[in-house]
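Report on the following structure.
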Amino acid sequence: MKSEAWIFAITAIFFALVSPAYWFITSDWTGTSVLTMTFLLAGMVTLYLAFHARSMEPRPEDRKDGEIADGAGELGFFPPYSWWPLWCALTLSTIVYATALGAWWLLIIGVALGAIALSGWIFEYYRGEHAH
C-alpha cells in the first residue's frame, strides 16, 4: 500500500501546485474549485492508504526482497454475482433524474426504492444460498 500512497501523494502535490497557478493565470473560480477539490480528494485517498499501510504487514509489492511467489495463494473473499448493484444504480439514476427535473415526488419514490435496494445489497450474504 505504500507505493499506492506515494502515487496519490505525488498527485495531490501536483494539484496543490496547479490550483493557485490556474487561478492566478485565468481568474476562473470554476476550474480553480475543481482543481482544489481534486487536490482534496487525492489527499484523502493518500491519508487512507498511508494509515492502512501502517496498520497492516507489508505486502510482497512493498518489500524490497519480495518475490512473485510470495503473492500466491488465497487473496480473500470475492462474492459471486449479484443483481443488487444494478438496482442501486437504477435507483440512484432515478434520484439524479428527479433532482434535475425538479420532480420531488419521483425523488421520494427513488429514495424509498434506493433504501430497499441498498439494504438488499448490504444484507444479501445474511440470507439465502450465500449466507455465512
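At a glance:
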| read-out | value |
| --- | --- |
| Which labelled figure in (i) 9.2; (ii) 7.0; (iii) 13.1 is mean projected area of the Cα convex hull in nm², once derived from the coordinates | (iii) |
| Heavy-atom accessible area order for 101, 90, largest first, 1.4 Å probe | 101, 90 |
| Residues residue 72 and residue 10, FRET efficiency given R0 of 35 Å [Cβ-Cβ distance, rounded to 0.05] | 0.70 |
| Where the chain is the region considered: accessible area per residue in Å², 1.4 Å probe | 79 |
| Karplus (6.51, -1.76, 1.60) ³J(HN,Hα), θ = phi - 60°, over segment 50-65, in Hz, Gly and Pro reported as x | 5, 5, 5, 5, 6, 8, 10, 6, x, 7, x, 6, 8, 8, 6, 9 |
| Simple spin-label estimate for residue 26 and residue 104 in nanometres, 7 Å along Cα-Cβ | 3.6 |
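The values are calculated or read from the model by the stated rules, or taken from the named source; none is laboratory data. All figures in this text were calculated on a predicted structure; none of them were measured in a lab. Heads up, the Cβs are rebuilt from the backbone with ideal geometry, glycines too, and the neighbour counts pull from every protein chain shown. With ligands, DNA and RNA removed, areas are computed over all heavy atoms of the protein, side chains included. Shrake-Rupley method; radii C 1.70, N 1.55, O 1.52, S 1.80 Å.
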